[in-house]
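Every read-out reported here was derived from the displayed coordinates using simple, explicitly stated rules and does not represent laboratory data. Note that this is a predicted model, so its numbers are computed, not measured. When we count neighbours, we look across all protein chains shown, and the Cβ atoms used for this are built from the backbone with ideal geometry, even at glycine.
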Amino acid sequence: MQSVLGDYAPVLIFGCVSVVIAAAMLGMALLSGHQKPYPEKLTAYECGFGPFDDTRRRFDVRFYLVAILFIIFDLEVAFLFPWAISLGRIGLFGFLSMLGFLAVLGIGFLYEWRKGALDWD
């Protein structure tokens, strides 16, 4: 039991030090920060304008479509980084499989482009 606690002691120390540093940073920010709010700052938006419509109104579906497309293509492009790092070890098969992956990605992008999912009226 003693060796298990000794193994986790550095993790516990690291956690305690990080909590102390975070608390010190927050405390210093509160003490040295400019705390004079004015009426525009206290409105719903910092720009000083009130909301124009009801906050519960429906959004256009194109906002969601663009967000989903961004997430999909962004995650697929994230697969390129490990591939680029290990390209010397995976050889020709890895290179050709990534070309196939990029072809499918490109076809999907062209399909969305042709369907008008990226157009904004």
Worksheet, complete the sentence: The ³J(HN,Hα) series, computed from each phi in region 11-20 with the Karplus coefficients 6.51, -1.76 and 1.60 at θ = phi - 60°, rounded to the nearest Hz and given as x for glycine or proline, is 5, 5, 5, 4, x, 5, 5, 5, 5, 5
Fill in: Ordering of 82-90, 66-74 by packing [mean C-beta count within 10 Å, highest first]
66-74, 82-90
Fill in: Backbone HN-Hα couplings from phi across region 28-33 [Karplus 6.51/-1.76/1.60, Hz, Gly and Pro as x]
5, 5, 5, 6, 9, x
